[in-house]
Structures are given as C-alpha cells and as structure tokens.
1. Please report, as a whole percent, how much of the solvent-accessible surface of the stretch 35-132 comes from carbon and sulfur atoms (probe radius 1.4 Å).
2. Run through the stretch 11-76 and list the chymotrypsin sites (Phe, Trp or Tyr not before Pro) located in a DSSP loop whose Cβ has at most 16 other Cβ atoms within 10 Å.
3. Would you grab the residues whose amide H sits under 5 Å from the one on residue 102? Only those 5+ places off in sequence or on another chain, please, with H modelled 1.01 Å from N.
4. Nearest 0.05, what FRET efficiency do residue 31 and residue 141 give at R0 = 22 Å with Cβ-Cβ as r?
5. Within the stretch 61-144, report the GluC sites (Glu not before Pro) that DSSP leaves as loop and that have at most 14 other Cβ atoms within 10 Å.
6. Considering the zone a paramagnetic label at residue 69 would reach in this model (a point 7 Å from Cα along the Cα-to-Cβ line), which residues of the stretch 39-62 have amide N under 11 Å from it?
7. Based on Cβ point charges of +1 for Lys and Arg and -1 for Asp and Glu, what charge dipole magnitude is obtained for the chain about its Cα centre, in debye rounded to the nearest 20?
8. Based only on the alpha carbon positions, what is the Kirkwood hydrodynamic radius of the stretch 27-107, in angstrom?
Amino acid sequence: MTGALPDGVAIDGSLEGVDWDRLTADLAADDFDNGRVPGALRRSFEQSQHVAVARHGDRVVGTARLLSDGVCNAYLLDVWTSSDRRRRGIGSAMVRYLADQVPGQHIGLQADEARSFYERLGFRPQPEFLSLVVGEWLDNDGNR
Ligand SMILES: CC(C)(COP(=O)(O)OP(=O)(O)OC[C@H]1O[C@@H](n2cnc3c(N)ncnc32)[C@H](O)[C@@H]1OP(=O)(O)O)[C@@H](O)C(=O)NCCC(=O)NCCS
C-alpha cells in the first residue's frame, strides 16, 4: 500500500476484489477500451508481474501494470485514471509504485497520448519503436 492520496484514494499491488465487468465498463466509458472482454482484462493483469490498482472504497479509479523479466527489461501498460479523478497525482503515483518494483531495469512503453505525463516522471523518447500484431488483434484464446 502506498501513502494515501488526496480524496481517500489509495494504491496497492493486489487484484483482490476488482470487479472486472465494472472496470471494463468504466474503461469503455472513458474511451480507453482496447477490446478485451472482462475475463481477458483480468488475465492481462493476473499474468503481469506487477500491478498497481488505485481504489476509492470498493471502486477501482486507476490501473497500471508492468511486464518484467525480473532482470533487465520491463514494459508499462494499461495506465489509466478514471476521468473524474485525473490531475490529482493518481497516475504518477501508480507509475512510481511500479517503477519501485523494478530497480535497475529499463522500462519501455508506447504513448500515443500523454507524452508529457511520462516525461515528468523521467521517461525520455527512445526511437525507433517497432511493433507487430501477430494475425488479428485479440484473435486468440486469451480474449475468449
Ligand atoms: C494519462 C493519465 C493516466 C494521467 O493520470 P492522472 O492521474 O491524471 O495523472 P497525474 O495527476 O499524476 O498527472 C501528473 C502530471 O502529468 C501531466 N499530465 C497528466 N495527464 C496528462 C495528459 N493526458 N497529457 C499530458 N500531460 C498530462 C500533467 O502535467 C500533470 O500535472 P498537473 O496536473 O500538475 O498539470 C490519465 O490522463 C488517463 O488515464 N488518460 C487516458 C488513458 C491514457 O491515455 N493512458 C496513457 C496510455 S499510454
């Protein structure tokens, strides 16, 4: 658990009690839904090495997760703060919480938006980023 943020929001590294249907709906309402069904969203987080969940009571108001090999490389994903709680430090606190779990490692991410959010946290552009979707996006057993 991190120190409490303003407005009674707290961050922890547990997925206990997360309502995945509600979280999927909240992400869609914020236009931050990339097509995962609730069970697939849950698997994405469960199979990540580190997660950060911002909670206000029983409601999830922020998420972030980190894939890591535990040695040198990590990848940051699903960084989201509920739109009604933005600009109060929640996103930064989640990213710092995850970064603290991987000392000595290189963290990569893809930022279509919010580049200055990451730059304030110390991230710097590192061209060239190459990517490939194997087959069709989300056409796999994990999203069924
Ligand atoms: C990006 C996001 C996670 C930031 O969450 P947040 O809880 O509002 O972040 P913070 O309050 O810690 O912001 C810290 C600083 O980052 C900067 N910042 C925050 N959101 C930003 C954005 N969308 N674009 C650019 N800079 C941003 C601001 O300088 C902010 O400080 P300020 O409020 O004093 O000006 C949130 O806006 C979000 O969920 N956006 C939609 C999903 C998304 O784009 N995620 C990133 C995918 S790569």
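1. On the way: 2690 of 5770 Å².
Exposed carbon and sulfur together represent 47 percent of the surface.
2. Details: sites: 20, 32, 45, 75; in loops: 32.
Of the chymotrypsin sites (Phe, Trp or Tyr not before Pro), the ones in loops of the stretch 11-76 whose Cβ has at most 16 other Cβ atoms within 10 Å are 32.
3. Excluding prolines and chain starts, which carry no amide H, there are no hits.
4. Once rounded, the FRET efficiency stands at 0.25.
5. Listed in order of number, the matching sites are 113, 128, 136.
6. Those under the cut-off are none; the list is empty.
7. Value, rounded to 20: 460 debye.
8. 13.3 Å
The values are calculated or read from the model by the stated rules, or taken from the named source; none is laboratory data. Just so it is clear, the model here is predicted, and its values are computed rather than measured. Methodologically, a virtual Cβ is constructed for each residue, glycine included, from the backbone with ideal geometry; neighbour enumeration extends over all protein chains shown. Keep in mind that these areas ignore ligands, DNA and RNA; they rest on the heavy atoms of the full protein, side chains included. Shrake-Rupley method; radii C 1.70, N 1.55, O 1.52, S 1.80 Å.
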